Amino acid sequence: MGYTGKGANLYELKYSRKISTFFSIETGLEYSLNKIEKSYFSDGIMHYKELNIKLLSLPIYGDFTILKYFFVNAGPTLDFELNHQNSQSTFNQSGLGFEFGIGGRYSFKNFTISLNPFYQKHLILQYKKEEYHENLWESGIKLGLGYNL
């Protein structure tokens, strides 16, 4: 038995507040749709089942600017699985997660464009204690367009 990721989409609305010339705090709202394939062996036959995990996340990141165009961001996320069903056979991913990323950004006039490769792990700490749980993790590249007020 196993689980294989079959793709994901992540949408994010973010607010950033500059604390100093090299440090900012970021928060916002993230929505992700993760497609998972579960494989299991039953009655001498390998079976496959497609599952979707929908998450709403509230991140709080620290963003450190390195030189002029590069940054490192990391911090906790508060995750809520939106469509979890007990019959789904995956563990509910609601709980505390963590994200880490390294990227680049370029600002011109009041606009900013960014590219942010990231790694995010969900359910590091969970609401309900269970004997065993499975963590969803995501990795990818975020492309962002921002407006500076």
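Every number here is computed from the coordinates shown, using simple stated rules; none is lab data. Not measured: the values here are computed from a predicted model. For neighbour counting, all protein chains shown are included, and Cβ atoms are generated from backbone atoms with ideal geometry for every residue, glycine included.
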**Fill in**
Highest mean packing first, using Cβ neighbours within 10 angstrom, the peptides 31-41, 137-147 sort as 31-41, 137-147
**Message:** Restricting to Cα pairs below 8 Å that are 6+ residues apart, what does the relative contact order work out to for the chain? Please round to a whole percent.
**Reply:** 16 percent
**Fill in**
Extension length gain for Leu149 and Arg17 (0.36 nm per residue less Cα distance), in nm, is 46.5 nm
**Request:** Could you pull out which residues in the stretch 1-37 have an amide N less than 17 Å from a spot 7 Å beyond the Cα of Ser107, following the Cα-Cβ vector?
**Result:** 14-27
**Message:** Give me the base-10 log of I(q)/I(0) for the chain at each q in 0.19, 0.21 Å⁻¹, Debye formula, one uniform scatterer per Cα, rounded to two decimals.
**Reply:** -1.13, -1.31
**Environment charge at Thr77 (Cβ cut-off 10 Å; Lys +1, Arg +1, Asp -1, Glu -1)** = -2
**Prompt:** Assuming R0 = 22 Å, what is the FRET efficiency of Leu115 and Asn83, from their Cβ-Cβ distance, to the nearest 0.05?
**Reply:** 0.15
**In order through the stretch 110-124: 3J(HN,Hα) via Karplus (6.51 cos²θ - 1.76 cosθ + 1.60), integer Hz, x for Gly, Pro** = 9, 10, 9, 10, 9, 10, 9, x, 9, 9, 10, 10, 9, 6, 6
**Message:** Less than 20 Å apart at the alpha-carbon level, and either on another chain or at least 8 residues along: which lysines does that give for Lys18?
**Reply:** Lys68, Lys109
